[in-house]
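Inspection log for the structure reproduced underneath, given as structure tokens.
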Amino acid sequence: MNLSIIEKIIEEKGKTSHFSGSILFGNQEQEYTKVYGFANRSEGIKNTVDTKFGIASGCKIFTAVAICQLVQEGKISLDSLLKECVDFEFPNFDPNITIHHLLTHSSGVPDYFDEEVMNDFEGLWREKPMYHVRAPKDFLPLFQYNHMKFKPGEQFAYNNAGYILLGLIVEKISGMEFTTYIENNIFRRCGMHESGYYRMDQLPAGTALGYIDEDQCWRTNIYSLPINGGPDGGAYTTVKDLKIFWNALLESDLLNTHYTKLLLTPHAQENEFIHYGYGVWILKINNEICKYFVMGSDPGVSMQSSVYTNGLHAHILGNTNVDTGEIARKIDEEIYKEI
């Protein structure tokens, strides 16, 4: 693989688009970084390769790793029932929902934000202000008493509420706040020292503000997202820390070999090419796995982080909603020419 070709593709896209963010890609022999736009437009502070970005749903994989750690320790099993693992009541939920169902978006639980039919994420906070959403349990009023979408295991349907429930399980079984568990047992454990679940009104130095561009005007996303990230999204990290995370995961530093393989196994299928493991998307071409990846999008946030089976890795973090996916697609197109 000629990485200079990919570097040129990224440079051309960066110059001709409105992408704002940080990109790291390469393999064991070579590595490149590209940076565009501003972390703080008002102060003229540019993004750098060390800038921390929100990653929205990209952090569902952290929740999945946490659950698998607790399974590996024998505290729960993948077949454990939701009703056995939390103290909250869900009167209209199917009693047969398992942890496996929740991990694979096949539980059928009602979502608090159904991406199949909803597109106004900001609209969620009109009745429940986003500054009151600080922990997994704070999401419950948005879906706790709603009815099932389908029977557990019947189909794949991407579901944010399912990961909120997984976060509640982590808290119940570990006895720790969800974000504390992740920071201690994943971030600190593998050396992700520039990552965390920061309050949006207390962002540390070096963190990019998320920007929403509308009608030649812009605003930050501080009123568009929950004030604290959680099990389904909202952590902050850097492209360098994402590389560290993937290396730790693939080298079985976070889970043993068995559970690492299980997390990366295609358990559900969205279409002919896109599959889902535990908290991770999986691309298969000609029935062969080509890459593992996570992606996320919120108002003022967009990202995709990929590790390819040919040894390449590409991490793209943006603080707008512009062109992150397009850059990822261009990289894929160049790589897949060889398949």
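Confirm whether Ser252 is out of contact with any Cys (no Cβ under 7 Å at 6 or more places or on another chain), in a loop (DSSP other than H, G, I, E, B) and either β-branched (Val, Ile, Thr) or without any contact (Cβ under 8 Å) to a residue 12 or more places away in the chain (or both). Step through it out loud before you land on a result.
On the way: out of contact with any Cys (no Cβ under 7 Å at 6 or more places or on another chain): yes; in a loop (DSSP other than H, G, I, E, B): yes; either β-branched (Val, Ile, Thr) or without any contact (Cβ under 8 Å) to a residue 12 or more places away in the chain (or both): yes.
Spelling it out, Ser252 is indeed out of contact with any Cys (no Cβ under 7 Å at 6 or more places or on another chain), in a loop (DSSP other than H, G, I, E, B) and either β-branched (Val, Ile, Thr) or without any contact (Cβ under 8 Å) to a residue 12 or more places away in the chain (or both).
Quick check, is His100 in contact (Cβ under 8 Å) with a residue 12 or more places away in the chain and open to solvent by 30 Å² or more (accessible area, probe 1.4 Å)? Criteria met by His100.
Residue count for region 302-331 under the criterion of being of a type outside the set (Gly, Ala, Ser), over 16 Å from Thr238 (Cα atoms) and in contact (Cβ under 8 Å) with a residue 24 or more places away in the chain: the result is 10. Does region 188-205 include one or more residues that are open to solvent by 30 Å² or more (accessible area, probe 1.4 Å) and in contact with a Ser or Thr (Cβ under 7 Å, 6 or more places away or on another chain)? Yes: one or more hits. Of all the criteria given as (1) farther than 23 Å from Phe38 by Cβ; (2) modelled with pLDDT of 95 or more, the one not satisfied by Ser302 is (1).
So in region 14-25, with the set limited to residues that are at pLDDT 90 or above and touching a Gly at 6+ places or on another chain (Cβ under 9 Å), which one is surrounded by the most Cβ atoms within 10 Å (Cβ to Cβ)?
Kept after step one, since they are at pLDDT 90 or above, are these residues of region 14-25: 19-25.
Now drop any that are not touching a Gly at 6+ places or on another chain (Cβ under 9 Å), which leaves 19-23.
Numbers: Phe19: 23, Ser20: 29, Gly21: 27, Ser22: 27, Ile23: 25.
Residue satisfying both the conditions and the ranking: Ser20.
Does region 96-116 contain any residue that is farther than 30 Å from Phe293 by Cβ, part of a loop (DSSP other than H, G, I, E, B) and modelled with pLDDT of 95 or more? Yes, region 96-116 contains at least one residue that is farther than 30 Å from Phe293 by Cβ, part of a loop (DSSP other than H, G, I, E, B) and modelled with pLDDT of 95 or more. When region 1-13 is filtered for residues that are in contact (Cβ under 8 Å) with a residue 60 or more places away in the chain, open to solvent by 10 Å² or more (accessible area, probe 1.4 Å) and either under 17 Å from Trp246 (Cα atoms) or not in a loop (DSSP other than H, G, I, E, B) (or both), the ones remaining, listed by number, are Ile5, Ile9, Lys13.
Check whether at least one residue in region 226-247 is touching a Cys at 6+ places or on another chain (Cβ under 7 Å), at pLDDT 95 or above, more than 23 Å from Thr33 (Cα to Cα) and of a type in the set (Asp, Glu), and report yes or no. No: zero hits.
Every residue, every condition in (1) at pLDDT 95 or above; (2) in contact with an Asp or Glu (Cβ under 6 Å, 6 or more places away or on another chain); (3) outside any loop (DSSP other than H, G, I, E, B), yes or no:
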{"residue": "Pro152", "(1), (2), (3)": "yes, yes, no"}
{"residue": "Gln155", "(1), (2), (3)": "yes, no, no"}
{"residue": "Leu166", "(1), (2), (3)": "yes, no, yes"}
{"residue": "Val170", "(1), (2), (3)": "yes, no, yes"}
{"residue": "Thr179", "(1), (2), (3)": "yes, no, yes"}
{"residue": "Glu183", "(1), (2), (3)": "yes, no, yes"}
{"residue": "Met192", "(1), (2), (3)": "yes, yes, no"}
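Looking only at region 1-36, residues that are within 25 Å of Lys52 (Cβ to Cβ) and among the aliphatic types (A, V, I, L, M) come to 5 in all. None of Val49, Val65, Val71 is in contact (Cβ under 8 Å) with a residue 24 or more places away in the chain and under 15 Å from the mean Cα position of the chain (by Cα) except Val65.
Provide a single number: the residues in region 204-232 that are assigned to a loop (DSSP other than H, G, I, E, B), in contact (Cβ under 8 Å) with a residue 24 or more places away in the chain and among the hydrophobic types (A, V, I, L, M, F, W, C). Please lay out each step first, then the result.
Taking region 204-232 as the starting set, the residues that turn out to be assigned to a loop (DSSP other than H, G, I, E, B) are 204-206, 208-210, 215-216, 221-229, 231-232.
When the remaining residues are screened for being in contact (Cβ under 8 Å) with a residue 24 or more places away in the chain, the result is 204, 206, 208-210, 221, 223-229, 231-232.
Applying the additional criterion that residues be among the hydrophobic types (A, V, I, L, M, F, W, C) yields 208-209, 225, 227.
The number of residues fulfilling the criteria is 4.
When Leu250 is tested against the conditions (1) over 18 Å from Tyr292 (Cα atoms); (2) open to solvent by 50 Å² or more (accessible area, probe 1.4 Å); (3) not acidic (Asp, Glu), the lone failure is (1). Return the residue satisfying two criteria in turn: it lies in region 284-339 and is in a helix (DSSP H, G or I) and within 15 Å of the chain's Cα centre (by Cα), and of such residues it is surrounded by the fewest Cβ atoms within 10 Å (Cβ to Cβ). Among them, the one singled out is Gly325. Taken over region 26-43, the criterion of being closer than 30 Å to Ile222 by Cβ, open to solvent by less than 40 Å² (accessible area, probe 1.4 Å) and either touching a residue at least 60 places away in the same chain (Cβ under 8 Å) or assigned to a loop (DSSP other than H, G, I, E, B) (or both) is satisfied by Gly37, Ala39, Asn40.
The values are calculated or read from the model by the stated rules, or taken from the named source; none is laboratory data. Remember, it's a predicted structure, so these values are computed and weren't measured experimentally. Note that we place each Cβ from the backbone using ideal geometry, even for glycine, and neighbour counts take in every protein chain shown. Keep in mind that these areas ignore ligands, DNA and RNA; they rest on the heavy atoms of the full protein, side chains included. Shrake-Rupley method; radii C 1.70, N 1.55, O 1.52, S 1.80 Å.
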